[in-house]
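First up is the structure itself, then whatever we jot down about it.
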Amino acid sequence: MTEIRTPRLLLRSWHDDDLAPMADINADPRVMRWVDDGSVHDLDRTAEDIERWEEEWDEEGFGLFAVELLASGELIGFTGLSVPEFLPEVMPAVAICWRLGAQFWGQGYGSEAAHATLEFALQDRGLERVISINRVGDDASENVIRKLGMAPERETAHPVYGYPLRVHTIDLTEFQA
């Protein structure tokens, strides 16, 4: 699996000792507010999530990176690429996504990690197009999406939960490395 270094972050494979800090992030209602139905995830669910994310690397050649602070080695969340099968109307597609612990918000880490991931998708993995799907009202994610240079493509509703979603897109010709 690829590792990516940015000025402040290491995007890397998952380690066994990432489970507890990622479970702490997933247990925070502030973090999970915009994810699925807003429910927090416990340790067992987080372990299942990480296992699924690792399988996606094997199946697709991309997936979700663990994001670590270079200065401290602390896990701060994830960023990466995923196939958004939950939203059939956008398929085939690859979506960029991220989730950081609340204590790491507002410091530019999300944008830094997402930009490195987008560059990886378009330049290393040879994808022609990447989308991002966010829940309408999640202004922090919208801000990261704008910084990536992605443009709104459509609005739709989550097929299970019914809340409004916004789909953004960028293609290789629009990307500024």
Exactly one of M32, M22 is under 20 Å from I133 (Cβ atoms), in contact with a Gly (Cβ under 8 Å, 6 or more places away or on another chain) and modelled with pLDDT of 95 or more, and that residue is M32
Breaking point among (1) in contact (Cβ under 8 Å) with a residue 12 or more places away in the chain; (2) not in a strand (DSSP E or B), for H168 | (2)
Candidate set from the stretch 37-71 (those that are charged (D, E, K, R) and in contact (Cβ under 8 Å) with a residue 12 or more places away in the chain); member that is surrounded by the most Cβ atoms within 10 Å (Cβ to Cβ) | E68
Looking at (1) buried (at least 17 other Cβ atoms within 10 Å of the Cβ); (2) free of Cβ contacts under 8 Å to residues at least 60 places away in the same chain; (3) farther than 25 Å from G126 by Cα, which is the only condition V31 fails?
-> (2)
For S132: the one exception among (1) part of a strand (DSSP E or B); (2) in contact with a Lys or Arg (Cβ under 7 Å, 6 or more places away or on another chain) = (2)
How many residues are without any contact (Cβ under 8 Å) to a residue 40 or more places away in the chain, among the acidic types (D, E) and touching a strand residue (DSSP E or B) at 6+ places or on another chain (Cβ under 9 Å) when one looks only at the stretch 128-161?
-> 3
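The values are calculated or read from the model by the stated rules, or taken from the named source; none is laboratory data. All values derive from a computational prediction rather than experimental measurement. Every residue, glycine among them, receives a Cβ derived from its backbone with ideal geometry; neighbour counts consider all protein chains shown.
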